[in-house]
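Structure first, then comments.
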Amino acid sequence: SLDDYKCLLMAIASGQVSRVDRLIAMGLRQNKGSRGLFTVLMEAAKGVYQPRSYMEEEDMKAILLWWLAGNWVAEINHHASGLPSISYLRTWSTVPPLMPSPQQPTVDEVKTNLEAMVN
């Protein structure tokens, strides 16, 4: 009803919840209506509900830390600062398949590997 939309609008305008756009997008993907979105916003304002959708910048920081420092540090960082977990990063980031060469690489092997990295 119209009152539900007004409550939702007031909850958004209150500024008590950061990343409201993520909460709304997640709620809409879950087919929630205005009342369900309002409930999610109220839970987030109380600190009960914490969405786990990350922005690309957070993903890239976590991947960089994971690659540079390894699994242990990335896992500690996940628990300490709330950045994405290693299992999430494994599904999010893809490493292109490279063609190994047991000896000095041939021109075709180098070409294949370069195309895999560029694309």
* Suppose every K and R has +1 on its Cβ and every D and E has -1 on its Cβ; what is the size of the dipole of the chain about the Cα centre, in Debye to the nearest 20? -> 500
* Structure fact -> Summing -39500 (n - 2.57) over every DSSP H run of at least 4 in the chain, dividing by its residue total and rounding to the nearest 500, the 222 nm mean residue ellipticity is -20500 deg cm²/dmol
* Of the listed peptides 103-116, 61-74, what is their order by residue-averaged count of other C-beta atoms within 10 Å, with the highest listed first? -> 61-74, 103-116
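Take the solvent-accessible surface of the protein heavy atoms, probe 1.4 Å, and return the percent of it on the chain that carbon and sulfur atoms account for.
60
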* Asked: If you build a Gaussian network model of the chain, linking Cα atoms that sit under 10 Å apart, which residue out of VAL40, VAL20, VAL48 swings the most?
  -> VAL48
* Any chance you could give the angle, 0 to 90 degrees and rounded to 10, that helix 107-118 forms with the longest Cα principal axis of the chain? => 10
* Asked: What whole-number value in Å² describes the accessible area per residue of the chain for a 1.4 Å probe?
  -> 75
* Asked: By how many degrees, between 0 and 90 and to the nearest 10, does the Cα long axis of helix 20-29 differ from the longest principal axis of the chain?
  -> 80
* Structure fact -> Charge dipole of the stretch 4-119 built from unit charges on the beta carbon (Lys, Arg +1; Asp, Glu -1), centred at mean Cα; most positive-end Cα among TYR5, TRP72, TRP92 is TYR5
* What's the angle, to the nearest 10 degrees (0 to 90), between helix 2-13's Cα axis and the longest principal axis of the chain? -> 60
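The values are calculated or read from the model by the stated rules, or taken from the named source; none is laboratory data. Predicted model, so just to flag it, every value in this text is computed and none were measured. All Cβ positions, glycine included, derive from the backbone under ideal geometry; neighbour counts span all protein chains shown. Side chains included, ligands, DNA and RNA excluded: accessible areas come from the protein's heavy atoms. Shrake-Rupley method; radii C 1.70, N 1.55, O 1.52, S 1.80 Å.
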